[in-house]
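Q: Below are the structure tokens for one structure; questions will follow.
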Amino acid sequence: MSASGPGGARLLIVGPPGAGKGTQAVRLAETFGIPAISTGDIFRENVRNETELGVLAKSFMDRGEYVPDNVTNDLVADRLTWADAEGGFLLDGYPRTTDQAATLDRILSGNGHQLDAVIELVADTDEVVGRLLKRANEQGRSDDTEEVIRHRLDVYTAQTAPLVDLYEQRGLLVRVDGLGQVDEVTRRVADALVSRGLDAAESLA
Ligand code: AMP
């Protein structure tokens, strides 16, 4: 039984760009009956719609930099008040800095909640650069040029990798090899979460 009750769980997925977080987040959210909330997707949607937030976010995203913490924190604080996130959520791509992690702690504890687990998708650098270059060809994302990709990986190592240690110290970390078939990786993560006592809404059979 999870701390959030049957079918609910409060989860994060972290890992370097190109590790497959977005793909896995959508599948795992479905399995656990919770919404996948991707800050990258929210920013991209705003870029597409040319909102004020989108124009601001794009200037950082195109350079492979993080959108400023205050902007990102406000966005997530608002998104977590939506009804669909009441019983749980899977945050994909947030928090990415220690300031964001502290903000998330405050948001959750303010509601008497806490994280149930943090999934780290592990993938080596050459593999993720290769995947991202392939995605650049297929999807034409403006932040998927080789130079920007390398910079995004450096930013991840400097600013986000330390969060993994923080969550490991809290006993929340579920480290999973991100290499292999998509289905296989989903199964690996889901099994690891279920063995921590989280309830899958969908049958894992
Ligand atoms: P993603 O799709 O998660 O790789 O995010 C794409 C880009 O959106 C990142 O390179 C950042 O520019 C921006 N972004 C997404 N999530 C965050 C976050 N939590 N903090 C700051 N910037 C973010």
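Q: Do we find a residue being assigned to a loop (DSSP other than H, G, I, E, B) and either within 22 Å of Glu147 (Cα to Cα) or within 13 Å of the ligand (Cβ to nearest atom) (or both) anywhere in the range 38-60?
A: No, there is no match, as no residue in the range 38-60 is assigned to a loop (DSSP other than H, G, I, E, B) and either within 22 Å of Glu147 (Cα to Cα) or within 13 Å of the ligand (Cβ to nearest atom) (or both).
Table: residues versus (1) free of Cβ contacts under 8 Å to residues at least 12 places away in the same chain; (2) under 26 Å from Val194 (Cα atoms); (3) not polar (S, T, N, Q).
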site: Leu56; (1), (2), (3): no, no, yes
site: Gly87; (1), (2), (3): no, yes, yes
site: Gln114; (1), (2), (3): no, yes, no
site: Val129; (1), (2), (3): no, no, yes
site: Lys134; (1), (2), (3): yes, no, yes
site: Gly140; (1), (2), (3): yes, no, yes
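Q: Any residue at all in the range 111-129 that is under 17 Å from the mean Cα position of the chain (by Cα), surrounded by 13 or more Cβ atoms within 10 Å (Cβ to Cβ) and closer than 16 Å to Gly64 by Cβ?
A: For the range 111-129, residues under 17 Å from the mean Cα position of the chain (by Cα), surrounded by 13 or more Cβ atoms within 10 Å (Cβ to Cβ) and closer than 16 Å to Gly64 by Cβ: present.
Q: Continuing with the same structure: What's the number of the only condition in (1) surrounded by 15 or more Cβ atoms within 10 Å (Cβ to Cβ); (2) more than 27 Å from Val182 (Cα to Cα) that Arg96 fails to meet?
A: (2)
Q: Would you call Ala83 surrounded by fewer than 16 Cβ atoms within 10 Å (Cβ to Cβ), of a type in the set (A, V, I, L, M, F, W, C) and within 15 Å of the ligand (Cβ to nearest atom)?
A: Considered against the rule, which asks whether it is surrounded by fewer than 16 Cβ atoms within 10 Å (Cβ to Cβ), of a type in the set (A, V, I, L, M, F, W, C) and within 15 Å of the ligand (Cβ to nearest atom), Ala83 comes out as no.
Q: Let me ask you something else. Kindly indicate the residue of the range 141-154 that is within 9 Å of the ligand (Cβ to nearest atom) and surrounded by 18 or more Cβ atoms within 10 Å (Cβ to Cβ) and also farthest from Ile13 (Cα to Cα) among those meeting that condition.
A: Within the range 141-154, the match that is farthest from Ile13 (Cα to Cα) is Val148.
Coordinate-derived values only; no laboratory data. What you are looking at is a predicted structure, and each value in this text was computed from that prediction instead of being measured. Every residue, glycine as well, gets a Cβ built from its backbone with ideal geometry; the counts of neighbours run over all protein chains shown.
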